[in-house]
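K.L.:
Have a look at this one before I ask anything.
The numbers here are math on the coordinates, done by the rules we state, and not lab data. Only a predicted model underlies this, so the values are computations on that prediction, with no experimental measurement involved. No Cβ is skipped: glycine too gets one built from the backbone with ideal geometry, and neighbour counts run over all protein chains shown.
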Amino acid sequence: MLVVLTEDDFVADRSFGNLPHVQVILEGELNAYDILVNDWVVFTDETLPGTPKVFSAVEIDVVEDESGHAVEVVETEVDIVTDGKGHVTEIVETEVDEVLGDDGEVLGVVETTVDITLDEDGEVTGVIETETVEIADEAEGSES
């Protein structure tokens, strides 16, 4: 049996590696020979050829004041969704901006999401932007 995994499937890789007559391979290393010499080929949702895929990247920036104290933390995540043919169908950018007080306590959070959909030709068919603002209530220590 041949099991095709991604690099992120390290737990499955170790689990299948202990079984006799099971060959584990990364999707980038898949080749015709390995397919032909195995009676069974098992794919995950992420490794099955022709299935939609999501590629993600995250960036975290810390903004400091003149004295070196963190006053803001900005986390930006970009997800790119492709269809089974590899065409980009959607781009989602989410930014979470946390404003910090002098003691490092979160004073407020602004979350902005931009969702862009594309057609088969790569033309933009829709853009949706949402923003959520949460401000800490100093008197009660809760969010509103």
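K.L.:
Of THR94, MET1, SER67, which is farthest along the charge dipole of the chain in the positive direction, counting Lys and Arg as +1 and Asp and Glu as -1 at C-beta?
P.N.:
MET1
K.L.:
How many angstrom lie between the C-alpha centres of the stretch 25-48 and the stretch 80-142?
P.N.:
Their Cα centres are 36 Å away from one another.
K.L.:
Now, a different point. Among 122-128, 48-54, 96-102, how do they line up by average Cβ neighbours within 10 Å per residue, starting with the highest?
P.N.:
Answer by packing, highest mean first, reads 96-102, 48-54, 122-128.
K.L.:
Check LEU2: other-chain or 5+ apart residues with amide H under 5 Å from its amide H, H built from backbone geometry?
P.N.:
GLN23, TRP40, VAL41, VAL42
K.L.:
Quick one: work out the % antiparallel among DSSP beta bridges in the chain, nearest 5. Spell out each step's value before the answer.
P.N.:
Numbers: 47 of 54 bridges.
Among the beta bridges of the chain, antiparallel pairing accounts for roughly 85 percent.
K.L.:
Calculate, in whole percent, how much of the Cα-Cα pair population of the chain lies beyond 27 Å.
P.N.:
Details: 5213 of 10296 pairs.
The proportion of pairs with Cα distances above 27 Å equals 51 percent.
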